[in-house]
Structure formats: structure tokens, C-alpha cells
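Chemist: Take a look at the following structure, please.
The values are calculated or read from the model by the stated rules, or taken from the named source; none is laboratory data. Not measured: the values here are computed from a predicted model. Using ideal geometry, Cβ is built from the backbone for each residue, glycine included, and neighbour counts are taken over all protein chains shown.
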Amino acid sequence: MAPNASWAKEIGHVTEAAGARTGIMERSGQNVVYVKEGDGIVRLLSLMGASRAVMEFENVRVVREVSGKVNRRLNFETANIGKTIGSGLRQAAAIERLESTGKLDRVPPALREMARWRSNNPELNLGELAVRMKLSKSAVNHRLRRLQELADTLVTSSGPKPARRSA
């Protein structure tokens with residue numbers, strides 16, 4: 001805090017001359033000079049000879065950076081797991097529709113094999129299925145898409161059944 005606006009400006013000039021970007025604001029009637037970037041804080045603390053404070057500040061920065069990276073990665077993985085499981089369950093349901101109508105027995109052997117693998121492993125993503133089946137990811141995706149399309153045609157071709165009237 002600075003006693004008045006002119007002191008705040010001078011403090012700002014001195015800190016900027018030392019290589020730190022600063023800002024000045026008024027808070028509760030007081031003039032406050034603040035440093036805008038962490039590197040500027042480190043530079044000023046070093047100039048003041050506050051090496052222990054520099055180490056503590058850098059420690060906090062590293063912990064925050066690592067924590068942020070871990071959180072971003074966790075969010076990414078959680079979203080991917082949700083998408084994978086959702087897709088796997090939708091595909092397993094489509095395969096079940098084909099099986100319950102007897103249509104699965106009439107699809108090519110490659111699609112039947114894919115249906116068996118997906119039904120047994122709804123939690124696996126395309127890459128994992130591809131590795132286990134010794135196929136490309138593209139081949140697995142194509143086969144699953146084809147099974148889904150076949151199941152979807154069952155729904156659209158059969159349409160809703162009219163309600164029965166009781167006599």
C-alpha cells in the first residue's frame with residue numbers, strides 16, 4: 001500500500017524499472033501497487049535479497065502447476081471414460097436388439113465376431129478393442145457403426161405398434 005497516488009505511481013515506476021509489470025488500484029481508500037506476473041514477483045524478491053521467500057514462492061508455483069495439470073488430465077480422462085462407456089452400452093444395446101430379433105445370425109461373420117467382442121467388453125474403447133481383435137481402429141469403428149445401422153433399421157422398419165383395444 002502506498003500513502004497516496006503519487007507514491008503509488010513512483011513505486012510502480014521503480015518496480016517496472018526492475019523488470020516487473022505492475023498495476024495500481026484503489027481499495028478501501030488506499031492506493032495498492034501489485035505485481036502482475038509471478039516472474040516479476042520472483043525478480044523483486046531476489047533484488048531484495050529474500051531468497052527464502054523466492055524458494056517458497058517457487059514451491060507454491062510448482063505445486064499449483066502440477067496440481068492444475070493433474071486436474072486437467074483427470075477431467076480429460078473422466079470425460080473420455082464416460083464417452084467410451086456410453087458408446088459401448090449403446091452398441092451393446094444395438095447388438096442385443098439384433099440378437100433378440102434373430103438378425104444377428106444373418107450378418108457376415110466379421111460383424112458377428114465384432115458383436116461378440118463388444119457385448120463381452122462394453123467398457124473398452126475402440127483402440128483397446130482393435131488391439132485385442134488384432135484389427136485397425138478404423139475397421140472396429142466401421143463394424144460397430146454397421147451393427148448400429150442394422151439395429152437402427154429394425155427400429156425404423158418395425159415402427160410403433162398400434163395399441164390393442166380390449167373388448
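Chemist: Need at least 1 residues that are within 30 Å of residue 148 (Cα to Cα) and touching a helix residue (DSSP H, G or I) at 6+ places or on another chain (Cβ under 9 Å) per element, so show me which helices (runs of 4 or more DSSP H) inside the range 2-106 make the cut, counting only ones lying wholly within it.
Modeler: Counting at least 1 such residues, we get 51-100.
Chemist: Would you be able to tell me the number of residues in the range 77-115 that are surrounded by fewer than 11 Cβ atoms within 10 Å (Cβ to Cβ) and acidic (Asp, Glu)?
Modeler: Summing the residues that are surrounded by fewer than 11 Cβ atoms within 10 Å (Cβ to Cβ) and acidic (Asp, Glu) in the range 77-115 gives 2.
Chemist: Here's something else I'd like to know. Say we look at the range 1-10 and pick out the residues that are at pLDDT below 90 and of a type outside the set (Gly, Ala, Ser); which of these is surrounded by the most Cβ atoms within 10 Å (Cβ to Cβ)?
Modeler: Checking each candidate, the answer is 7.
Chemist: Oh, and also: Among 93, 50, which is the only one that is touching a Leu at 6+ places or on another chain (Cβ under 9 Å) and either in the same structural domain as residue 129 (by TED's automatic domain parsing) or over 25 Å from residue 123 (Cβ atoms) (or both)?
Modeler: 50 is the lone residue from the list that is touching a Leu at 6+ places or on another chain (Cβ under 9 Å) and either in the same structural domain as residue 129 (by TED's automatic domain parsing) or over 25 Å from residue 123 (Cβ atoms) (or both).
Chemist: Let me ask something additional. Those residues that are more than 16 Å from residue 148 (Cβ to Cβ) and surrounded by 15 or more Cβ atoms within 10 Å (Cβ to Cβ), I need them from the range 126-137; list them, please.
Modeler: 130, 133, 135
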